[in-house]
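Enquirer: So that we are looking at the same thing, I have put the structure below in structure tokens.
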Amino acid sequence: MKKYMAFGLSLALVGCAPEEEESEPDTGDEVDEQATDEEEEALDVEGGEYEELAAGLEAPWSIVQIDDDEIFITERAGAIAHIDGEDVTHEDISLGEEVLDEGEGGLLGMVMIPEEDESAIVYHTYEDDDGETMNRIVAIERGDGVWEETDILLDEIPGDMFHNGGRLAIGPDDHLYATTGDASVEQLSQDVDSLAGNILRMDIDGSVPDDNPFDDSYVYSYGHRNPQGIDWSEDGRMFSSEHGPTAQDEVNEIEAGNNYGWPEITGDEGAEGMESPVFESGDDTWAPSGVAFAGESDFYVTGLAGESLMLFDVDESEMETVLEDEGRLRDVLIDDDDVYVITNNTDGRGDPGENDDRLLRLGN
């Protein structure tokens, strides 16, 4: 395994911090992305070594860890990379609808189903019978290195060449959460009858929980443009990352039923009945994607256009850059003292190196 040096750069943020989403060309779950150290401090990855655990990944999107040696990573064209120690295989997935790997769509988020061996849930883009781009959430099961669809949890989520959302996560309440983009139709984000531009919440079997904020609706929060990351702090607070309209990327604290403003407000703007972000990128562009919490306030966020792993202290309004110079970063997962990150230089917007894309592990 190759070892490299990681580094950090501290920045103080006043009020909100700048954020980014990729511009309209293409941008750019874990069962448990939460981890803490005993002292509730940031993981000590600054100045430490990191390892390249796997190379040759094809536009990877979501990291799912089973144990210390076994990891699954979705690849946008429609495969799941299986990393077992130093062995990497690209496993086929058989779905009721063919994966549409176009623009920002494809095989995106993935989470393992708790207490079920080698069963998972994935989010993917497809083209319906009318030629319209859609997204769906389905259960899959692994057998002999091939994943087969076993159930449809939710279908006909509006999609497009851009803004498909796609992140899946299981919350501390044991419900499944999914992020959806506005499918390039801005006003859908303000329509709670639409599945676009939302964070959705459902039972693991795809049913609507009785305590969702809107009657008989999957919508948990709305007014989102293109959220691609969600996770919970140790004390149960939920945060998301969201792509802004060329710069003005956001980190938001998510609460049930709240309206996060798109397209009526952007960046640090405010309006009655709408939520402003905890951090926003101002004139910079981060294009934030996967996220992971460590403890109560340390929130790791990957940057695509920003090409960095950022660490936000959501209580102290501070940010530091933990890793850069590896190109576009798509997802991050934390396990004890280790931070796993995937690069995303082969997604059509990056400048891939000889071994891209790669799974990296930072740690003490």
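Enquirer: Could you state the orientation-averaged shadow area of the convex hull built on the Cα atoms of segment 210-315, in nm² to one decimal? Mind showing how you got there, number by number?
Expert: Numbers: hull surface 27.1 nm².
Averaged projected hull area, Cα only: 6.8 nm².
Enquirer: Where the centroid of each part is defined by its Cα atoms, how far is segment 156-183 from segment 52-105 in Å?
Expert: Using only Cα atoms, the two centres lie 18 Å from each other.
Enquirer: Taking the Cα centre of the chain as origin, sum charge times position over the Cβ atoms of Lys and Arg (+1) and Asp and Glu (-1), and report the length of that vector in debye to the nearest 20.
Expert: Its charge dipole is roughly 840 debye.
Enquirer: What whole number of Å gives the distance from the Cα centroid of segment 224-284 to the Cα centroid of segment 320-338?
Expert: Spelled out, the Cα-based centre of one part sits 21 Å from the other.
Enquirer: Only four residue types carry charge here, +1 at the Cβ of Lys and Arg and -1 at the Cβ of Asp and Glu. Report the dipole size of segment 210-311 about the Cα centre in Debye, rounded to the nearest 20. Each step should come with its number before you reach the end.
Expert: Details: 2 positive and 23 negative charges, 70 e Å.
Dipole of segment 210-311, to the nearest 20 debye: 340 debye.
Enquirer: Please sort by residue number the GluC sites (Glu not before Pro) in segment 111-161 whose DSSP state is loop and whose Cβ has at most 13 other Cβ atoms within 10 Å.
Expert: On the way: sites: Glu115, Glu116, Glu118, Glu127, Glu132, Glu141, Glu148, Glu149, Glu156; in loops: Glu115, Glu116, Glu118, Glu132.
Counting only loop positions with at most 13 other Cβ atoms within 10 Å, the GluC sites (Glu not before Pro) in segment 111-161 are Glu115, Glu116, Glu118, Glu132.
Enquirer: Also: Can you bin the chain into rounded, prolate or oblate? Criterion: square roots of the alpha carbon gyration tensor eigenvalues sorted a ≥ b ≥ c, rounded for a/c under 1.5, prolate for a/b above b/c, oblate for the rest. Can you show the working numbers first?
Expert: Numbers: a/c = 1.37, a/b = 1.04, b/c = 1.32.
It is rounded, given that a/c, with a ≥ b ≥ c, falls under 1.5.
Enquirer: Roughly speaking, what is the stretch gain from Glu51 to Asp69, that is 0.36 nm per residue apart minus the C-alpha to C-alpha distance, in nm to one decimal?
Expert: Numbers: separation 18, 0.36 × 18 = 6.48 nm, distance 1.33 nm.
Roughly 5.1 nm would be gained on extension.
Only the coordinates and a few stated rules stand behind these numbers; no lab work does. The structure displayed is predicted, hence computed values, not measured ones. With ideal geometry, Cβ positions are generated from the backbone for all residues, glycine too; neighbour counts draw on all protein chains shown.
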